[in-house]
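Note sheet for the following structure.
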Amino acid sequence: MPQPQKNDTLTLTLNVQGFPDPDIQWKFRGWDVDTSSPTSNLRVATYGGSETVLTVHGFTQQNVGQYQCVAKNQYGEAQQNIFVEYADRPNFMQPLQNKVCSSGKPLKLDVRVEGNPFPEIKWLKEWHPLVESSRIKFVQDGPYLCSLIINDPMWRDSGIYSCVAVNDAGKASTSCSVTVEADGEYNDVQLPSKRKVLLEARKVREIYEIDEADEK
């Protein structure tokens, strides 16, 4: 299904086989495509009697819908339906905000994002992809709200977090700084053990010279 963006040029090409060469008519939402109006952004061209091309210049929301190509000759007719959707690149209506939280309490980062089709959401920490685990959860609540939840956060969970939204029309990203403060228990900090100081007593030997006169 084609998904052009605003102001794109949309081209629909079909190959039609028949003998004698069939008459080809394009329709949009059930109505014949009118290319005679100078204000119309639709153009139709046929090449070699078998290839037909419908071009939409400056695609807008009004050009979204079902297009139909009908080929007809004296022996019958055939038709091909093509539904065209509007592609809108992701946009963060609510970006990430810097956050300070206490260790041990769940950390939750929220974004609100829009896009058509709805974008794929990726979460990163320090530009490295995060993976869901028993502590880390990715949640989508409603059509726009997406959240990252980290249970029992620790000081080492502090850092730069990013959310990236990607669809066929493009991508967008938002980032924030997260600081996890210790709760006072300091479970993750190991204090160095006390050093023992040993005192060693050494026996000192003194040598005296004795005069022979003193011996007498």
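The values are calculated or read from the model by the stated rules, or taken from the named source; none is laboratory data. Please read all numbers here as calculations on a predicted model, not as lab measurements. Don't worry about glycine lacking a Cβ; one is built from the backbone with ideal geometry, like all the others, and counts go over all protein chains shown.
I want to confirm something. Restricting to the stretch 89-114 and keeping residues that are of a type in the set (Val, Ile, Thr) and within 30 Å of Gln61 (Cβ to Cβ), which single residue is surrounded by the fewest Cβ atoms within 10 Å (Cβ to Cβ)? Walk me through it before giving the result.
First pass over the stretch 89-114, keeping only residues of a type in the set (Val, Ile, Thr): 100, 111, 113.
Filter again for within 30 Å of Gln61 (Cβ to Cβ), leaving 111, 113.
Details: Val111: 21, Val113: 23.
My answer is Val111.
Six or more apart or on different chains, Cβ under 6 Å: which pairs go from a residue in the stretch 130-149 that's surrounded by 15 or more Cβ atoms within 10 Å (Cβ to Cβ) to one that's among the aromatic types (Phe, Trp, Tyr)? Could you list them?
Pairs found: Leu130/Trp123; Leu148/Trp123.
Quick check on my filter: what residues within the stretch 157-177 are at pLDDT below 95 and either acidic (Asp, Glu) or outside any strand (DSSP E or B) (or both)?
Residues satisfying the conditions are Asp168, Ala169.
Name, by its number, the condition in (1) touching a residue at least 12 places away in the same chain (Cβ under 8 Å); (2) in a strand (DSSP E or B); (3) out of contact with any Phe, Trp or Tyr (no Cβ under 7 Å at 6 or more places or on another chain) that does not hold for Ala45.
(1) is the only condition that Ala45 fails.
Identify, please: which residue in the stretch 59-76 is loosely packed, with under 13 Cβ neighbours inside 10 Å and on the phi < 0 side of the Ramachandran plot and is, among those, modelled with the lowest pLDDT?
If we take residues in the stretch 59-76 being loosely packed, with under 13 Cβ neighbours inside 10 Å and on the phi < 0 side of the Ramachandran plot, then Gln61 is modelled with the lowest pLDDT.
Out of (1) within 18 Å of Phe83 (Cβ to Cβ); (2) at pLDDT below 90, what's the single condition that is false for Val56?
(2)
Could you check, for the stretch 25-36, whether at least one of its residues is touching a Phe, Trp or Tyr at 6+ places or on another chain (Cβ under 6 Å), assigned to a loop (DSSP other than H, G, I, E, B) and not charged (D, E, K, R)? Break it down into steps so the answer makes sense when it comes.
So the first thing to find is which residues in the stretch 25-36 are touching a Phe, Trp or Tyr at 6+ places or on another chain (Cβ under 6 Å), and the list is 28, 33.
Next, from what is left, pick out any that are assigned to a loop (DSSP other than H, G, I, E, B): 33.
Now restrict to residues that are not charged (D, E, K, R): 33.
Yes - at least one qualifying residue is present in the stretch 25-36.
State all residues of the stretch 1-24 that are in contact with a Leu (Cβ under 8 Å, 6 or more places away or on another chain) and part of a loop (DSSP other than H, G, I, E, B); if no residue qualifies, say none.
Correct list: Pro2, Pro4.
Report yes if some residue within the stretch 65-79 is within 24 Å of Ala169 (Cα to Cα), among the aliphatic types (A, V, I, L, M), in a strand (DSSP E or B) and not assigned by the TED database to the domain that holds Gly170; otherwise report no.
no
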